[in-house]
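Notes to accompany the following structure.
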There are 2 protein chains.
Amino acid sequence: MTAHIINIGDELLIGQVVNTNASWMAEELNKRNIKVTNISVISDGADDIRTQLDRSLSEADVVLITGGLGPTKDDITKTVLCNYFDDTLVRHQPTYDNVKKFFDRRGLPFTEINQAQALVPSKCKVILNEVGTAPCMVFTIPQATFKQPSPKKTDTSVEKIVISMPGVPFEMKWLMQNSVLPLLEEQLGSQAIVHKTILTFGIGESFLADKIADWEDALPAHIKLAYLPEAGKVRLRLSAYGEDKAKLEQEVAEQIVELNVIISDNIYGYDDDTISKVIGKIVNRRCALLATAESCTGGLIGNMITEVPGSSAYYKGGIIAYSNELKERLLGVRHETLEQYGAVSEETAIEMAKGCLEATGADYAIATTGISGPTGATEEKPLGLVYVAIASRDEVVCNRYVFTTTRQQHQQRTANQALFDLYKLLTKNC
Amino acid sequence: MTAHIINIGDELLIGQVVNTNASWMAEELNKRNIKVTNISVISDGADDIRTQLDRSLSEADVVLITGGLGPTKDDITKTVLCNYFDDTLVRHQPTYDNVKKFFDRRGLPFTEINQAQALVPSKCKVILNEVGTAPCMVFTIPQATFKQPSPKKTDTSVEKIVISMPGVPFEMKWLMQNSVLPLLEEQLGSQAIVHKTILTFGIGESFLADKIADWEDALPAHIKLAYLPEAGKVRLRLSAYGEDKAKLEQEVAEQIVELNVIISDNIYGYDDDTISKVIGKIVNRRCALLATAESCTGGLIGNMITEVPGSSAYYKGGIIAYSNELKERLLGVRHETLEQYGAVSEETAIEMAKGCLEATGADYAIATTGISGPTGATEEKPLGLVYVAIASRDEVVCNRYVFTTTRQQHQQRTANQALFDLYKLLTKNC
């Protein structure tokens, strides 16, 4: 099954808004084995919408449209679709009630222009938008009625489907997850799909591919592997296609067991895990407490840890020791250490981590000190140099890294690496 | 002048990568009065590229293409363009030398496949890509040779231009800024354009629009205003079009003086300023020092301050007092205050800010304490409640806010607000 995505809206064409809707939709469709062959951003213009509809209906099985459904007169998607399908607008009572409730609850007048939100083409199927006011409309078209007589590249066994959704990201996502994706899955028939994402760190994409080449080559044809690289991390996505969902889940689980034999040191989680969440679970399970002592990352690690709901159970807090004075005053780094080795050194990082345990009473501490740039480098200490120290009650480990990149990316890479280093210490005897 | 953007690449169609190239390009083109009428994402397929070229050349004056220029065989943009324009590939010596240098510097072999990067269609103009290996190619086409005989919606006084660039964002941006945008500006002829962005905070888009309505209505026809809203901030962009750049700059400057009379309290900067940069400049100019005491923001404010290069000159560091224990131990918040008023209270925020000055020796301190959710709310203290205290050597101010949003957005909104609150204190007697 192939799909086109059409995003309607001038705010996308003037670059005011990044089109995150398209990538989110494409990823969700791709996961379900629906191939997106085109993404088009067009204006709120009747001609543009009609031209694009002609084209998409001639090339794809499913056309997903976002945007242009607001109540103001520059939003014309609904009217254009109604004319395109030779239909007339009628009131959809559940949408009318929903929109009325929406305005009543806010104490706002339910004006005529807002009542028009409840008008829909008579022949479409309406999906109630419970998180907004614009309804989602599904048009199903028998092959025979296409305006373009010679569809190409399409699967002729199914009807064509056009689905119009609001452009507000959370409304679109709610409608996709609750109704549109299940509807498309139904169209795909009895096919079952199982996905599992394996999260790895500390190994680049090409080295990872080399390391798991034999395992990858031995994957059965109905299980596909995708590499999804990000800064310092690679996600591996296994997608299994077949008839029997339970059987597929079993097969994927077995493949992951095999994969773990090869790269267990590089796997830190699955699916929606983040390194902060994974660390939080381990520390919390041990009834232990965590603290941070950050220089070059300036608070980013603390922020990443506290993005996890419930992190107050195991994160005591930390010290942003950006100046040498605070390294001494709040973390007890010795003046001689700073004089002799400098702020960016293994010795300082270790004293920061130990001092952090002392100052906060935590069981584990993360310390960072480095040169994020653009200035501060010397002959011996290059731009991007960073020391990460991890301390527990029993030991301290310190690693040296050089990340040559922009200032902001340096902070991000260092923070990720520091959390991975803590993860390694936490799991090394498990 | 109208433009189409074509982004080629399967990674965009499977949703692995968000298309930030398109929005960046669209914004830059729009600033120069070039109207983007279509953005299309297509696969690395010869048919798809040709079909889209036909369409874009019939509808737009300029076609900007990114992607598909890598050395591997799945990258076919160059070959397709060469065939499309009935041309043959020849070696471009400056590109050859550039690519060779690139591989030599890294000690990598300069293989045949990499040498092919220096082959270009003979009739195109080549722009040397000094930050990568794939060259930028400019094709200029007289109207007469279009494959589509009836161009519509276009300005027939200019030739058509097709420009192919690599998809790597920093390479594309470098080429756009250094060559492609100047080239397009030249095409536009004598037209001068001046832009100025005014950064405001603390007032919503509709209230701002009301407040400046008279000023906006009185703008001359050749000066346009755009509202660019973001979380808690609105950017206003003035664009002036005419013949004489110096005169336009003068006119825009005068408009900004008038605008300042109306909303000076809400303006914190211009163009590429950020609130962290603006604060940094003020604090640095006073030879003063800044510190932070963060609870609910978990280090985010420190991170935002240290994203600014040179921030070590005025940012001493801070304390992430996530637990009550650290609020007492490191910031000297009194146990009784926490007992009587709770951690999320005006009293605690004020003691945190004062204690932060004490603990760090700074001249200004920012303190935050709030309920980011999803749990932790009570009858009296709703989800999203936050207290922000700002202390100088002379005074402390504390504000109460309620931001009802997700955990991460709550941290972001609070951090922005805290920096704005400090800005207000720093500038109130200026």
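The values are calculated or read from the model by the stated rules, or taken from the named source; none is laboratory data. As the structure is a prediction and not an experimental result, all values here were calculated from the model. In this analysis, Cβ positions are derived from the backbone assuming ideal geometry, glycine residues included, and neighbour counts consider all displayed protein chains.
Does A:Ser58 qualify as being buried (at least 17 other Cβ atoms within 10 Å of the Cβ), modelled with pLDDT under 95 and more than 8 Å from every other protein chain (Cβ to nearest Cβ)? Against the criterion (buried (at least 17 other Cβ atoms within 10 Å of the Cβ), modelled with pLDDT under 95 and more than 8 Å from every other protein chain (Cβ to nearest Cβ)), A:Ser58 qualifies. Residues that are touching a residue at least 40 places away in the same chain (Cβ under 8 Å) and over 14 Å from B:Ala134 (Cα atoms) were ranked within the stretch B:76-120; the one that is surrounded by the most Cβ atoms within 10 Å (Cβ to Cβ) is B:Leu81. When the stretch A:13-47 is filtered for residues that are more than 17 Å from the chain's Cα centre (by Cα), in contact (Cβ under 8 Å) with a residue 24 or more places away in the chain and assigned to a helix (DSSP H, G or I), the ones remaining, listed by number, are A:Leu13, A:Ala46.
Determine whether the stretch A:333-341 contains at least one residue that is crowded, with 24+ Cβ neighbours inside 10 Å and not in a helix (DSSP H, G or I). Yes - at least one qualifying residue is present in the stretch A:333-341.
Conditions tested, residue by residue: (1) among the basic types (Lys, Arg); (2) surrounded by 15 or more Cβ atoms within 10 Å (Cβ to Cβ); (3) under 26 Å from B:Lys424 (Cβ atoms).
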site	(1), (2), (3)
B:Ala213	no, no, yes
B:Leu228	no, yes, yes
B:Ala246	no, no, no
B:Ile263	no, yes, yes
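Scanning the stretch A:378-430 for residues that are closer than 20 Å to B:Gly302 by Cα, without any contact (Cβ under 8 Å) to a residue 40 or more places away in the chain and not small (Gly, Ala, Ser) yields A:Val388, A:Thr406, A:Arg407, A:Gln408. Tell me, which residue of the stretch B:1-17 that is within 20 Å of B:Lys73 (Cβ to Cβ) and more than 10 Å from chain A (Cβ to nearest Cβ) is modelled with the lowest pLDDT? Among those residues, the one meeting the criterion is B:Gly9.
How many residues, within the stretch A:310-324, are surrounded by 17 or more Cβ atoms within 10 Å (Cβ to Cβ) and either more than 7 Å from every other protein chain (Cβ to nearest Cβ) or farther than 18 Å from B:Ile305 by Cα (or both)?
Qualifying residue count for the region: 7.
For A:Asp48, the requirement of being crowded, with 18+ Cβ neighbours inside 10 Å, farther than 19 Å from B:Leu12 by Cβ and facing chain B (nearest Cβ under 10 Å) is met. Beta carbons closer than 7 Å, at least 6 apart along the sequence or on distinct chains, pair a first residue in the stretch A:121-140 that is at pLDDT 95 or above with a second that is among the aromatic types (Phe, Trp, Tyr) and part of a loop (DSSP other than H, G, I, E, B) for A:Pro121/A:Phe85; A:Phe139/A:Phe85.
Of the residues screened, A:Ile161 is one that is β-branched (Val, Ile, Thr), closer than 24 Å to A:Ile49 by Cβ, crowded, with 18+ Cβ neighbours inside 10 Å and at pLDDT 90 or above.
Considering each residue of the stretch A:301-315 in turn, none proves to be within 17 Å of B:Ala362 (Cβ to Cβ) and either assigned to a loop (DSSP other than H, G, I, E, B) or at pLDDT 95 or above (or both). Taking the stated definitions as given, is B:Val278 within 23 Å of the chain's Cα centre (by Cα), part of a loop (DSSP other than H, G, I, E, B) and of a type in the set (A, V, I, L, M)? Criteria not met by B:Val278. Annotation: A:Lys78 fulfils all but one of (1) within 14 Å of chain B (Cβ to nearest Cβ); (2) modelled with pLDDT of 90 or more; the unmet one is (1).
Taking B:Gly302 and the conditions (1) out of contact with any Lys or Arg (no Cβ under 9 Å at 6 or more places or on another chain); (2) more than 7 Å from chain A (Cβ to nearest Cβ), which numbered condition does it fall short on, given that it satisfies the others? Of the numbered conditions (1) out of contact with any Lys or Arg (no Cβ under 9 Å at 6 or more places or on another chain); (2) more than 7 Å from chain A (Cβ to nearest Cβ), the odd one out for B:Gly302 is (2).
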